[in-house]
Amino acid sequence: MTSTSDKSANQMWGGRFAAGPDAIMEAINASIGFDQRLAGEDIEGSRAHASMLAATGILTTKDAEAIREGLLTVLSEIEGGTFEFSAALEDIHMNVEARLKQVVGEAAGRLHTARSRNDQVATDFRLWVRSQCDAAIPAIKTLQEALLGQAEAGADWVMPGFTHLQTAQPVTWGHHMLAYVEMLGRDAARFADARARMNESPLGAAALAGTSFPIDREMTAKALGFDRPMANSLDAVSDRDFALEFLSSATICAMHLSRLAEELVIWSSAQFRFVAMSDRFSTGSSIMPQKKNPDAAELIRAKIGRILGANVALLTVMKGLPLAYSKDMQEDKEQVFDAADHLMLALAAMAGMVADMAANRESLAAAAGSGFSTATDLADWLVRALNMPFRDAHHVTGTLVGMAESRGCDLADLSLADMQGVHEAITEDVFSVLTVEASVASRTSYGGTAPVQVRAQIARWRDAHKAGKMAP
């Protein structure tokens, strides 16, 4: 097993300090326990830096090639699990550099020319967060596809629409599924926007003031897939906006997942029976054999807590820092790593749940007509057919709802005579709008719940996804 644990190698501060760090200082100062996750990005950035140093004549081609090949050796050891990380070497940068020196010798010491750990970590972290934006977008699309499948299957299935969790108006199952497709489309767009803004390279900013070496920052930016170098060296090493923007996007996405998870928890209950969750995403009880618990949905619902917490934590770390780099910024990574991991897990679990769940058409339909859900349709009919002012129609409808409620029946069960007793101009035609099917079919405005609109929106989204777009 290779090792970089020799304490004598950890003299990155040069001759300024005569004694090594105290054990407690070492423990609080070291970040290798978590920033080893940046190994791939660190080596990618170092290889680009070495190539640039050779191209600009700062480093010989021979040394640059030895460094680049040696870095691949180090990477293979890390990926193969044979690399021994050392807390004495503090971070991923010094662990890699120390091992590189063992592999290639003196040339390794030339790699750090014209850069600092400040711009190095800013580059590594930016590359890693950029990759998480790239991973989140297709994960969101997978969930959208599952929702579109549900919407397509139930484009004309009626269900209750709610406000205040009280029955409001009938909607279609497909329409309800599409609401989340739209939310997730905005989530994907937020990650894409964040990625576009973060796609500038800090490498070459050095500690904070740039460097006197004749480096080519455009070259390293291009090699690492960035659009351009960052234009201010102070900003380059002290900016963590990119991580905050990722966390903000992740928080909003997690909030949307939590809302859907809450509905699945409610809908799968014995009191609703709107959906049946698959066994793959449910658990049982240790004492109650009849139980089938929607644990996956409940855990997704909880993920917003840790993801929002990560966002607040990093904002709190950054809010009082002067320019440029402060050691506080070492606390920028763990919460981002954690939030990214749990967002991806939640997206994958939700996509699986949605794809597997079975909507109960009969239960949805039975609930759709409850709570006088077509009362608004009655009011609208009074406006259209009798030219009644809406406020008057609202009053008449409310009176009829009260009558039906007192009799324990639905609006459609009232007789024409009952209705004419409240307003004599009501005709038999009123019954044509009092079914939930007629109600949803009439909502043909753009974005409405009518099946024809639902199917049009499904086609709109499918066309967008086939074209490789995040949204129509």
> Which FRET efficiency value, to the nearest 0.05, do you get for T60 and A209 by plugging their Cβ-Cβ distance into 1/(1 + (r/R0)^6) with R0 = 45 Å?
Replying inline: 0.95
>> Only helices at least 15 Å long along their own axis, judged from Cα atoms, and with Kyte-Doolittle mean hydropathy of -1.0 or greater: name those in the chain from DSSP H.
In response: 39-55, 61-80, 92-104, 117-153, 173-198, 241-267, 295-318, 334-356, 375-386, 390-407, 451-466
> Just how large is the dipole of the chain about the Cα centre, in debye to the nearest 20, putting +1 at every Lys and Arg Cβ and -1 at every Asp and Glu Cβ?
Replying inline: 540 debye
>> Using the Kirkwood radius over C-alpha pairs as Rh, can you work out the diffusion coefficient of the range 421-466 via Stokes-Einstein at 20 °C, viscosity 1.002 mPa s, in µm² per second?
In response: 168 µm²/s
> To two decimal places, what compactness ratio does the chain give when its Cα radius of gyration is scaled by 2.2 N^0.38 Å?
Replying inline: 1.34
>> Could you give the length gained by full extension between R197 and Q166, i.e. 0.36 nm per residue of separation minus their alpha carbon distance, to one decimal place?
In response: 7.0 nm
> Across 10 Å bins from 0, what is the distribution of all Cα-Cα pair distances for the range 86-170, in whole percents?
Replying inline: 13, 22, 18, 13, 11, 12, 10, 1
>> Taking the alpha-carbon distance from K292 and a cut-off under 18 Å, which aspartates and glutamates remain once sequence neighbours fewer than 8 residues away in the same chain are dropped?
In response: E262, E263, D279, D356
> In whole angstrom, and with the biggest value first, how far do the Cα coordinates of the range 156-220 range along each principal axis?
Replying inline: 69, 24, 9
> How big is D, in µm² s⁻¹, for the range 42-125 by Stokes-Einstein at 10 °C and 1.306 mPa s if Rh is the Kirkwood radius over C-alpha pairs?
Replying inline: 124 µm²/s
>> Loop by DSSP (not H, G, I, E, B), at most 16 other beta-carbon atoms within 10 Å: where is the longest site-free stretch of the chain for trypsin sites (Lys or Arg not before Pro)?
In response: 1-272
> Within the range 330-347, what residues put their amide N at less than 13 Å from the label point 7 Å along the Cα-to-Cβ vector of D241?
Replying inline: none
>> Cross-link candidates for K333: which lysines have Cα within less than 29 Å, leaving aside residues fewer than 8 places away along the same chain?
In response: K7, K101, K141, K222, K303, K319
> Given a Förster radius of 45 Å and the C-beta distance between E428 and D356 as r, what FRET efficiency does 1/(1 + (r/R0)^6) yield to the nearest 0.05?
Replying inline: 0.45
> How would E437, E200, E262 line up by accessible area, probe 1.4 Å, largest first?
Replying inline: E437, E262, E200
> Which value, to two decimals, describes the C-alpha radius of gyration of the range 337-472 once divided by 2.2 N^0.38 Å?
Replying inline: 1.49
>> Quick check: residue separation of L72 and V452 times 0.36 nm, minus the Cα distance between them. What number comes out in nm?
In response: 131.1 nm
> Using only Cα atoms, what is the ratio of the radius of gyration of the range 206-264 to 2.2 N^0.38 Å?
Replying inline: 1.77
> Label-point separation (nm) for A276 and R37, each offset 7 Å from Cα along Cα-to-Cβ?
Replying inline: 3.9 nm
> What number, rounded to the nearest 500 deg cm²/dmol, is the helix-based mean residue ellipticity at 222 nm of the chain, given -39500 (n - 2.57) per DSSP H run of at least four residues and division by all its residues?
Replying inline: -19500 deg cm²/dmol
>> Taking only Cα atoms of the range 246-400, what ratio of Rg to Rh do you get with Rh as the Kirkwood inverse-distance radius?
In response: 1.21
> So how exposed is M344, as accessible area in Å² (1.4 Å probe, rounded to 10)?
Replying inline: 60 Å²
> Shape of the range 57-101 from its Cα gyration tensor (a ≥ b ≥ c, root eigenvalues): rounded if a/c is under 1.5, otherwise prolate when a/b > b/c, or oblate?
Replying inline: oblate
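The values are calculated or read from the model by the stated rules, or taken from the named source; none is laboratory data. Note that the structure is a prediction, hence the values are computed from the model and not measured. Cβ: placed from backbone, ideal geometry, glycine included. Neighbour counts: every protein chain shown. Accessible surface is based on the protein model in full, side chains and every heavy atom, while ligands, DNA and RNA are left aside. Shrake-Rupley method; radii C 1.70, N 1.55, O 1.52, S 1.80 Å.
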